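Colleague: First the structure, then my questions, so here it is.
The values are calculated or read from the model by the stated rules, or taken from the named source; none is laboratory data. Since this is a predicted model, take the numbers as computed values, not measurements. All Cβ positions, glycine included, derive from the backbone under ideal geometry; neighbour counts span all protein chains shown. The area values use the complete protein model at the heavy-atom level, side chains included, leaving out ligands, DNA and RNA. Shrake-Rupley method; radii C 1.70, N 1.55, O 1.52, S 1.80 Å.
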Amino acid sequence: MNACAGLISPNRHLVLAVLLIVGGFSLPAQAATDPTSTRAWLLRAEIVTSRSLDVDTDAGQLGGDYYAPPTLSPTLSLTRLLSPSWAIQLSGGVSTTAVHLKDTFFGDIDAGEVTTAAVMASLQYYLPTSSPLRPYLGAGAAYAWPLDVSPSEGIGAFKVNTLLIPVAQLGLDYHLGVAWSVGLSATYLFVPVQRYSGDGFDVEVDLDQLALGAGIGYRF
């Protein structure tokens, strides 16, 4: 996904934002978890920070290791609540990643920036609870494709392949009433091999990605 990589500082701000939002609302708990509610859709906006994990780089004779700094980007999702326990979610977003190669034959290389769009579909299971605090698990897939590739000065044009990415989710929603909620989410992306290829530039990267998000939701 873009889905479709320095997390400590951004995460602290995300958690603080959620706590401040929670403190500003009252909580009709019974209404928030009422399974007979006719509000079957949930629109959620999140700020997501993501980082790369278990990075394995094949840069041929150039050598070196791929590195992309952590990203921070907005995402939007729409969830259809099928029952008190089951839901289907569709989400998407756009992010820009700086691509670096460290310790190559020519030293560290700033290859450029890649702007990627990603959409993700997942099936979610909400654990049974009568509390306004509702944890859930999810599994699905994301599709990510490059929108723009901007090589750095001195770097030739290169291409980035599209990706179909299996994902696993863990989340927590806190209902503030019948309509509003806040939440935290963690998404693990099992990213297939990604290839950066161009004139004199051919690198394959195998990695996973962890995306942590915090946001607010509206049920209608």
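Colleague: What number of residues within the stretch 149-169 satisfy the criterion of being within 19 Å of the chain's Cα centre (by Cα) and open to solvent by 60 Å² or more (accessible area, probe 1.4 Å)?
Modeller: Of the residues in that region, 3 qualify.
Colleague: What number goes with the only condition from (1) within 18 Å of Gly217 (Cα to Cα); (2) of a type outside the set (Ser, Thr, Tyr); (3) in contact with a Pro (Cβ under 6 Å, 6 or more places away or on another chain) that Leu78 does not pass?
Modeller: It is condition (3) that Leu78 fails.
Colleague: Sticking with this one: Identify the single condition in (1) in a strand (DSSP E or B); (2) open to solvent by 40 Å² or more (accessible area, probe 1.4 Å) that Thr129 does not satisfy, given that it satisfies every other one.
Modeller: Only one criterion is unmet by Thr129, namely (1).
Colleague: Are any of the residues in the stretch 79-91 under 30 Å from Ser197 (Cα atoms) and either at pLDDT 90 or above or open to solvent by less than 40 Å² (accessible area, probe 1.4 Å) (or both)?
Modeller: yes
Colleague: In the stretch 94-112, how many residues are open to solvent by 20 Å² or more (accessible area, probe 1.4 Å) and within 18 Å of the chain's Cα centre (by Cα)?
Modeller: 4
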